[in-house]
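I have placed the structure first, in the form of structure tokens, so that the comments after it can refer back to it.
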Amino acid sequence: MSDTDQLAGGEVAGLTAEQVAEYLKQHPDFFTEHTHLLEKLYVPHQRGTAVSLVERQTSLLRSRNEQLHGRLSELIDAARFNDGQFEKTKRMVLGLLEAETLDEVAVAVEESLCRDFYGDETVLLLFSEEPLDTNDLRVLSRGECSIVQPLIDTNLPSCGQLSEAMNRFLFQDAAVRVQSSAVVPLVKGDTLGLLAIGSHDANYFQSSQGTLFLSYVGEVLSRVVARILRQQGQL
């Protein structure tokens, strides 16, 4: 006689609940072969009534299916968001690669960050001891930028709320509207300058947020600026 026959016929004495549970775990098709037992099984309901094992299993499976469906929806939404970010980033990079002058670089940065990434103000600041032929970006000597030296020294993007002095130095007349910002050092060997992005929303840029995208923007922008400066004999 098989183990299942013995268990179904009640010929195995002294079984514990744990042994029965382990047996059923190892034989998930047990009730398929012994459907008549399902009529006798019940699981107490919270209100004191009884539901069949099949109903209980169906309820559990439905709950798990809803959880998986919710998780799948989250993954799909994340994938769509990432696709959108990739397309925006690609447009910005292509615009920068096509730039032949520093002014074209500044225009490409402003269009991308304000149109696609919802920045409200952008500032491209370059360090140079000699005048540069530009109209759409600021050029200052390093000595004139001592107020933002802590942002330069990090070589890493900084997000959050700047001091009033730093905010006013970077955004000038627009500083009164800028409530949070991101500042990205442009580094190619030496620090070439700073990219500052300002938002009118105090919570848009926060110190706890990730800076992977900003670092990528800084790396691309640094290479483009360095290329143009070399072509102009400034590096």
Is it fair to say residue 162 is within 18 Å of residue 222 (Cα to Cα) and either touching a strand residue (DSSP E or B) at 6+ places or on another chain (Cβ under 9 Å) or not polar (S, T, N, Q) (or both)?
no
Which is over 22 Å from the mean Cα position of the chain (by Cα) and not charged (D, E, K, R), of 96, 113?
96
What is the number of the single condition among (1) in contact with a His (Cβ under 8 Å, 6 or more places away or on another chain); (2) crowded, with 18+ Cβ neighbours inside 10 Å; (3) more than 20 Å from residue 106 (Cα to Cα) that residue 178 does not meet?
(3)
Which listed residue, of 162, 140, 235, is open to solvent by 20 Å² or more (accessible area, probe 1.4 Å) and modelled with pLDDT under 90:
235
For the condition more than 30 Å from residue 113 (Cα to Cα), at pLDDT below 85, assigned to a helix (DSSP H, G or I) and out of contact with any Lys or Arg (no Cβ under 8 Å at 6 or more places or on another chain), what is the one hit in 47, 64, 56, 71?
56
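Conditions tested, residue by residue: (1) outside any helix (DSSP H, G or I); (2) open to solvent by less than 10 Å² (accessible area, probe 1.4 Å); (3) at positive phi.
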site: 87; (1), (2), (3): no, no, no
site: 126; (1), (2), (3): yes, yes, no
site: 130; (1), (2), (3): yes, no, no
site: 144; (1), (2), (3): no, no, no
site: 151; (1), (2), (3): no, no, no
site: 192; (1), (2), (3): yes, no, no
For the range 194-225, which positions are open to solvent by 10 Å² or more (accessible area, probe 1.4 Å), of a type in the set (A, V, I, L, M, F, W, C) and either without any contact (Cβ under 8 Å) to a residue 40 or more places away in the chain or closer than 23 Å to residue 143 by Cβ (or both)?
212
Which one of these does residue 228 not meet: (1) assigned to a helix (DSSP H, G or I); (2) loosely packed, with under 15 Cβ neighbours inside 10 Å?
(2)
Residues in the range 204-211: is at least one closer than 19 Å to residue 161 by Cα, at pLDDT below 90 and in contact with a Ser or Thr (Cβ under 9 Å, 6 or more places away or on another chain)?
yes
Out of all the residues in the range 109-124, which are open to solvent by 30 Å² or more (accessible area, probe 1.4 Å) and hydrophobic (A, V, I, L, M, F, W, C)?
114
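The values are calculated or read from the model by the stated rules, or taken from the named source; none is laboratory data. Values in this document were obtained by computation on a predicted structure and should not be read as measured data. Using ideal geometry, Cβ is built from the backbone for each residue, glycine included, and neighbour counts are taken over all protein chains shown. Side chains included, ligands, DNA and RNA excluded: accessible areas come from the protein's heavy atoms. Shrake-Rupley method; radii C 1.70, N 1.55, O 1.52, S 1.80 Å.
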